[in-house]
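The values are calculated or read from the model by the stated rules, or taken from the named source; none is laboratory data. This one's a predicted model, so the numbers in the text were calculated from it and none came from an experiment. Quick reminder, even Gly has a Cβ in these numbers, built from the backbone with ideal geometry, and neighbours come from all protein chains shown. Heavy atoms of the whole protein, side chains included, go into the accessibility calculation; ligands, DNA and RNA do not. Shrake-Rupley method; radii C 1.70, N 1.55, O 1.52, S 1.80 Å.
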Amino acid sequence: MRFRTAAITDEFSPHLETALTAMAAAGLMGAELRIVDGKNIVDLSDGELDRAIAMTRERGFEIVSIASPLLKCALPDAPEVEERFQKDMFAAVYGLADQERLAARVFEIARRAGAKVVRVFSYWRTVRPEACFDSIVSALLGLAEMAERQGVIVGVENEFACNIATGAELARVLEAARHPNLQGLWDPANALVAGENPFPEGYANLPPAGIAHVHAKDCRIVGGRPEWGPLGECAIDWRGQMEALWNGGYRGWISLETHWGGPEGDKLAASTICAANLNRLAS
């Protein structure tokens, strides 16, 4: 297999033990932590966190990323928030005033878990994202400086509900910030929902050395909204994307973020199907 494959554990189940059992059976090697037993990772007590880390390691998984909710909030004094897109919170509801405290906790979690990447966002998308650009760059640089002290990478995800949603927008913010501890977390499906053709057009904007992590999911756009489905069987050219990542020198993890509800609403089955597809695509 060319790429190492992982998953956000709660895409299999919000219960960590159930998720890890299914992920191991599916042949995945890495775990990305977001929701653990119904609680966002930032809300776990030290004891709960230590148990989650120990369980994950005992099952043979590397903890590859902390999928934090940092900067997934409204930016005050900005244009009004764009209401077209669903805003997934994943058991975390925080405002701007919480971000400093959350950042300290997230980097502590990454240190304890041995994760090399901390996922962050770019504030809820407004009707004029360009008006928020300088504030986003400033916030990301602050997080990157914290990451440098901790020896980890901040991966800013292009998220359709946030101000940095496409490959073009992600490339622009990375160019403006220019910090060695700030890189991109590339999610082609999010770019598609935001109205960009993610591959090859969106991906072509990105510096290959500037990608820290990749999320894999798939969808079609139906009536202006995403219809999630099996990875590699919808609108995104995942085979071409994988080839381009490899040829561009990317050797990081490809992490499953299923989103698809699955056959008859069975999310565990959906993620199992998508994991099998991911391993085929990554080989």
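Contact map, region 265-278: first residue open to solvent by 60 Å² or more (accessible area, probe 1.4 Å), second residue polar (S, T, N, Q), Cβ cut-off under 8 Å, separation 6 or more or different chains; pairs are K267/S13; K267/T258; L268/S13; L268/T18.
Residue-wise test of (1) crowded, with 22+ Cβ neighbours inside 10 Å; (2) touching a residue at least 60 places away in the same chain (Cβ under 8 Å); (3) under 29 Å from S283 (Cα atoms).
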| position | (1), (2), (3) |
| --- | --- |
| A6 | yes, yes, yes |
| E11 | yes, yes, yes |
| T21 | no, no, yes |
| G38 | no, no, no |
| D46 | no, no, no |
| D50 | no, yes, no |
| V64 | yes, yes, yes |
| L70 | yes, yes, no |
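For region 217-259, a tally of residues being among the basic types (K, R), closer than 15 Å to L185 by Cα and either open to solvent by 10 Å² or more (accessible area, probe 1.4 Å) or assigned to a strand (DSSP E or B) (or both) returns 1.
Based on what the data block shows, is G210 under 17 Å from the mean Cα position of the chain (by Cα), surrounded by fewer than 20 Cβ atoms within 10 Å (Cβ to Cβ) and farther than 20 Å from I8 by Cβ?
So G210 passes the test.
If you go through region 160-180 and pick out every residue that is open to solvent by 20 Å² or more (accessible area, probe 1.4 Å), under 16 Å from A139 (Cβ atoms) and either of a type outside the set (D, E) or not in a helix (DSSP H, G or I) (or both), you end up with 5.
P200 falls short of the stated requirement of being assigned to a strand (DSSP E or B) and either modelled with pLDDT of 95 or more or open to solvent by less than 70 Å² (accessible area, probe 1.4 Å) (or both).
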